[in-house]
Amino acid sequence: MKSILSPDVVEAVNRPTATASALPNAAYRSDDFFQAERDHLFSTTWTCIGNACSIPNIGDARPVELLGMPLLMIRQHSGSIAVFHNVCRHRGNQLVREPCTYKGSVMCPYHGWTYDTDGTLLATPHVGGHGTDHIDSIDQTERGLHSVRTAEWLDLVFVNISNTAPAFEDFIAPLGARAESLVALSELERVRPATSHGAVTIEFAGNWKLCIENNLESYHLPWVHPDLNALSRLEDHYDYESADFAGQGTLAYDHTNVTSLMFPVFDGWNGRVAEYPTLYPNVFIGFHCDHLWTRIIEPLEVNRSLDHFQIYYLDDAAHSDAYELARKERFDVWKKVILEDLGVVEGMQLGRRSPAFDGGVFSPAMDAPSHHFAKWVANTLDGKV
Ligand code: FES
Ligand SMILES: [Fe+2]
């Protein structure tokens, strides 16, 4: 069977940045390519599916679609988060369709099979005929919900569907080390989700990879984000790469000009630096001296995605009423930046309908992280059908 990327394309993407080709239009428009990404890219690595703060209380549950694959996040009695395939083990009804809170168990609305929030199958009413709740051929101990390998880091929930990815600690260690070059990880753990003006989800008409590629470079700053460029100029930016992440940062993010009230800052922050790594495949983190944000890109279809944005602040004061206006000011700044980004992402999606475009080229000086991501995608899918 023909592989989803031809050897010629993989070779061209892997050339040095100055002579490399970017991914072809089909990588952004083909349903077959999207399915290959689901099976051989999102399923095989650690993929971020949500913010832990979206299910804060025990029993809180949230259905998630990972490229059309139904999953279910549930906050356990222990306080940790478990993720299951969101499908009943009887006749395959999707178990949970809306976010909700379970006081006890999770009942399938079709024939009443009931699961503990830890996935254990508890009851199969009338399965042996009316009034008979057990049958020898259906062993309840073997029919619990299929659980998914799950990990949490910085309030981000990750899953590895295939069960074949390296240990999460090994996967995240390089990004942890990068973050520690800014501030101690124990400092980062002081943050909590903003009590207001903290989160928004925006749908955009673009392939998920275009959003990643855009976030990886700062080249577009003067044209797409003129206001942000005044706080942190293009020439103040720098790039960095690791195996599973890349990104840009700025040496001169002036946080004192953004809000009317100064937020508490991390102890020991590394100067005026702010960094924006993208952890492959689909999560951006914004590290700043006085706040963090995350953006999780959730692909819905090959040309349609969601951008889930969440801000975090440190210390109680930042969450108080006194900071309501400052939280709104900061939120409005970032929301504007995101909308500016998504505008060009949609423009790139439209452009990829043109037979006159061949994937394009990279500037070695300005697009190196975007090229790094293209290589990661091409080499991850190399030989896959
Ligand atoms: S499909 Fe869920 S109980 Fe039958
Ligand atoms: Fe941008």
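Values computed for the structure shown
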| read-out | value |
| --- | --- |
| Isolated Cys in the chain, by beta carbon distance under 4.7 Å | CYS48, CYS53, CYS100, CYS211, CYS289 |
| Amide H contacts under 5 Å for THR117, placed H, 5+ residues apart | VAL106 |
| Extension gain, LEU339 back to GLN76 (0.36 nm per residue minus Cα-Cα distance, nm) | 91.2 nm |
| Cα-projected label distance for HIS220 with SER260, points at 7 Å along beta-carbon direction, nm | 3.2 nm |
| For the stretch 76-81, 3J(HN,Hα) per residue [Karplus equation, 6.51 cos²θ - 1.76 cosθ + 1.60, θ = phi - 60°, Hz, x = Gly/Pro] | 7, 4, 6, x, 7, 10 |
| Neighbourhood net charge (12 Å Cβ-Cβ; Lys/Arg +1, Asp/Glu -1) for PHE168 | -3 |
| Cα-based shape type of the stretch 181-265, given that a ≥ b ≥ c are square roots of the gyration tensor eigenvalues and the cut on a/c is 1.5 | rounded |
| Virtual spin-label span in nm between VAL200 and HIS134, 7 Å along Cα→Cβ | 5.6 nm |
| Values of log10 I(q)/I(0), in the order q = 0.14, 0.21, 0.24 Å⁻¹, for the stretch 48-152 under a Debye, Cα-only, solvent-free model | -0.52, -1.07, -1.34 |
| Too-long pairs where the Cα-Cα distance tops 22 Å, listed order kept, from LYS2/LYS375; LYS335/LYS375; LYS336/LYS375; LYS209/LYS384 | LYS335/LYS375; LYS336/LYS375 |
| Aspartates and glutamates with Cα under 12 Å of LYS103, excluding same-chain neighbours fewer than 8 positions away | ASP60, ASP116 |
| ³J(HN,Hα) computed for each position of the stretch 181-186 - Karplus, 6.51 cos²θ - 1.76 cosθ + 1.60, integer Hz, glycine/proline x | 6, 8, 6, 4, 4, 5 |
| Magnitude of the charge dipole, the stretch 1-158, Cβ model with Lys/Arg +1 and Asp/Glu -1, debye to 20 | 200 debye |
| Environment charge at MET366 (Cβ cut-off 10 Å; Lys +1, Arg +1, Asp -1, Glu -1) | -3 |
| Estimated FRET transfer efficiency when R0 is 56 angstrom, pair ASP315-ASP31 (beta carbons, to 0.05) | 0.75 |
| Mean separation of Cα contacts under 8 Å (6+ apart) over length of the chain, as relative contact order % | 23 percent |
| Burial ranking of peptide ranges 15-27, 252-264 (average Cβ count within 10 Å, highest at the top) | 15-27, 252-264 |
| Largest to smallest principal axis extent of the C-alpha atoms in the chain, angstrom | 74, 59, 34 |
| Neighbour net charge for ALA243 - beta-carbon separation under 13 angstrom, K R +1, D E -1 | -1 |
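Just so you know, all these numbers are worked out from the coordinates, no wet-lab data involved. The shown structure was predicted, so the numbers you read here are calculated from the model rather than taken from an experiment. Positions of Cβ are backbone-derived with ideal geometry, glycine not excepted, and every protein chain shown enters the neighbour counts.
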